[in-house]
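Below is one structure; the comments refer to it alone.
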Amino acid sequence: MAKQRIHTENAPAAIGPYEQGVRIGDLVFTSGQIALDPATGRFLAGDIEQETERTLDNLKAILEAAGLSLGHVVKTTVYLADLGDFSRMNGVYEKYFARSKPARACVQVAALPKGARVEIDAIASFSA
């Protein structure tokens, strides 16, 4: 199986040597997303809810570029700068995955790029 690059202008350009997403077979792996504005590449600092919304909108755009939706996501990893933000992040996250909940891990990390409070990556499947 050949690895296929996934790219869209509707999500932020990579800020390093990586792809927005990669497809191999029936699986799509997204790179971690933070609250970057796709049009400007600027970090949209805000409260944890605003950052989570922008982050999930970025993930959604990458999945759509691959021909998928959030309903195809089978696993996410959520990285929080402060686990104290968990319940507020979770309130937004729950709205995006209301119909089809993926498996998930959530961890606190020492720091995230651009001073972000949340970063999320996903694995999706065409079979889901």
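The values are calculated or read from the model by the stated rules, or taken from the named source; none is laboratory data. Note that the structure is predicted; figures quoted are calculated from it, not measured. Don't worry about glycine lacking a Cβ; one is built from the backbone with ideal geometry, like all the others, and counts go over all protein chains shown.
Worth a mention:
- The residue that is nearest to Gly25 (Cα to Cα), counting only those in the stretch 91-108 that are exposed (fewer than 15 other Cβ atoms within 10 Å of the Cβ) and at pLDDT 95 or above, is Ala103.
- Residue identified as farther than 13 Å from Gly32 by Cα and not in a loop (DSSP other than H, G, I, E, B) among Asn90, Asn58: Asn90
- Among residues of the stretch 111-124 that are under 13 Å from Tyr93 (Cβ atoms) and surrounded by 16 or more Cβ atoms within 10 Å (Cβ to Cβ), none has a Cβ under 6 angstrom from a residue that is of a type in the set (A, V, I, L, M, F, W, C) and modelled with pLDDT under 95 at a sequence gap of 6+ or on a separate chain.
- Checking each residue in the stretch 66-84 for being in contact with a strand residue (DSSP E or B) (Cβ under 7 Å, 6 or more places away or on another chain), crowded, with 19+ Cβ neighbours inside 10 Å and in a helix (DSSP H, G or I) picks out only His72.
- Within the stretch 43-65, the residues that satisfy the criterion of being in contact with a strand residue (DSSP E or B) (Cβ under 7 Å, 6 or more places away or on another chain), of a type in the set (S, T, N, Q) and either farther than 15 Å from Ala124 by Cβ or surrounded by fewer than 22 Cβ atoms within 10 Å (Cβ to Cβ) (or both) are Thr52, Thr55.
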